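Throughout, read-outs are computed from the coordinates displayed, never taken from laboratory work. Keep in mind that this is a model prediction, so the values were computed, not measured. Using ideal geometry, Cβ is built from the backbone for each residue, glycine included, and neighbour counts are taken over all protein chains shown.
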Amino acid sequence: MSAPVVTVTIFRYQPRARFRAFANMGRVLMQPVSADGLRFSKLMGSGINFGLIPDFSTYVHLGVWEDSHRASAFAQTDGYRQLAQGTEKISTLHLSPLKSHGLWDGSNPFILNTGQGAENPERATADERPKKPERPAAPDPSAPVAVLTRATIRARALPDFWRHVPQARQRLTDQADSLLFGIGVGEVPLVQQCTISVWRDAAAVDQYAYRQSGHREVVRLTRQRQWYSEELFARFTVLRWDR
């Protein structure tokens, strides 16, 4: 059993197609994107410069796939073609999870579930026992790394959280030499927020996450003030970047 492959597809729409793009959010809520091998799917809107003002030109689809073949085949599906109508540019990151902790809608979509199989593993035959996922090859330390953070913000914490966003945004801007791409997206405005960033290499991520005092301070505040009712952090190797 192979490890899951994650795709992050950024759809940028022509001005005349932006109402349709916004309407896609409602359509997907009623009828989620479906495709062979798609285990987890989210369509998210974006904010201008990680902020409160919506960017109606840009939407992101995140998918977790059983394998790379099914991930690559997404572009041939009806669901993809519907999302792609009216776009002026599409780019897709293909990612392999390195580590992930926390929850998204009550589960962690980036961890392969190996709990299925025989009810009594001790008595099961070798064929019946759940197989462990294949370990991915050791990541190239010089390869780009993607980071995803996602949180549901408590209602009482919303003013405090958003008051600190400009500082966090500036600290990301200060990493221009190491940060290859970054976007702030979300499922529900204000409340359910997600950031996706791509960094030059693992050392650049570690420098920002563990040695940048401003970032450490924001992390400390999230714990101290209990901003989130649910949160998730994940790091990925970038397998491919179609632009």
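Assorted remarks:
- Among residues other than Leu232 with Cβ under 14 Å from its Cβ, the summed charge is 0 (Lys and Arg +1, Asp and Glu -1).
- Each of Phe22 and Ser229 was given a label point 7 Å from its Cα along the Cα-to-Cβ line. The distance between the two points is 2.6 nm.
- Two numbers describe the Cα atoms of the range 145-234: Rg and Dmax, which are 12.8, 37 Å.
- Subtracting the Cα-Cα distance of Ala155 and Ile111 from their residue separation scaled by 0.36 nm leaves 13.0 nm.
- Taking amide H positions as modeled 1.01 Å from N, with prolines and chain starts lacking one, the residues under 5 Å from Leu103 and 5 or more places away or on another chain are Glu231, Leu232.
- Only helices enter the 222 nm calculation for the chain: every DSSP H run of n ≥ 4 contributes -39,500 (n - 2.57), and dividing by all residues gives -8000 deg cm²/dmol, rounded to 500.
- Charge tally around Val219: other residues with Cβ under 12 Å, Lys/Arg +1 each, Asp/Glu -1 each, net +3.
- Measuring nothing but alpha carbons in the chain and taking Rh as the Kirkwood radius, the Rg to Rh ratio lands at 0.98.
- Normalised per residue, the volume of the convex hull around the Cα set of the range 19-96 (Å³): 106 Å³
- Within the shell of other residues whose beta carbon sits under 15 angstrom from the beta carbon of Gln76, the net charge comes to -1, with Lys and Arg scored +1 and Asp and Glu -1.
- 5 angstrom amide H check on Phe181, placed H, neighbours 5+ away: Val198
- Long-range HN-HN contacts of Ala3 with modeled amide H, under 5 Å: Glu134
- In a fully extended conformation the segment linking Ser34 and Ile48 would gain 2.2 nm over its present Cα-Cα distance, using 0.36 nm per residue.
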